[in-house]
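Throughout, read-outs are computed from the coordinates displayed, never taken from laboratory work. None of these values were measured; they are calculated from a predicted model. For neighbour counting, all protein chains shown are included, and Cβ atoms are generated from backbone atoms with ideal geometry for every residue, glycine included.
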Amino acid sequence: MNISVTQNVQKFLDCINKSGPLVGFDLGTKTIGVAISDESRTIASPVVVIKRKKFSEDLEKIKDLEKKYQFTGIILGLPINMNGTEGPRCQSTRSFASKISLSTKNCICLWDERLSTVAAEKSLISSEISRKSRAKIIDKIAACLILQSFLNRLNHL
């Protein structure tokens, strides 16, 4: 795997600028949820849901986000199974990370995303968001939870 893709938080931090926003991705088969942190890497905010098409089109949308938000690193949710094993979705995510790493100057940290979509769904339900509205935003909320979890970890280093 490319050196700019890691699951090790310290290696990721050694690879990125000391300041600047990070972006979080919740990679699905049909969509990519996107969240961005503030400059101080304290708060994650949901941004957009990218409808996936061909990889080249997905990459162009990511590059557009990179220009707009000037993020300095990528946090990509890794869908590890509840028992800690990795299945086909993890392989797909690792492949996506490797492909992205060839086209960006940013390092990528693969971050355990277990239950992020479940937590996003519960949060939206408790906020009384309709099922139809939830479907449109759940992926960017999940990306926000993934990124916020990573930011919380940074605050304890």
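Key figures
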read-out	value
Per residue convex hull volume, Cα atoms of the stretch 46-118, in Å³	103
Straight-distance crosslink candidates among aspartates and glutamates, where the alpha carbon sits under 14 Å from Lys18 and sequence neighbours closer than 8 are dropped	Asp38, Glu39
Antiparallel DSSP beta bridges within the stretch 1-118, as percent of all bridges there, nearest 5	50
Sorted peptide list for 81-92, 59-70, criterion being average Cβ within 10 angstrom, highest first	59-70, 81-92
Close Lys-Lys pairs in the stretch 19-119, where close means Cα under 20 Å and separation is 8 or more or interchain	23
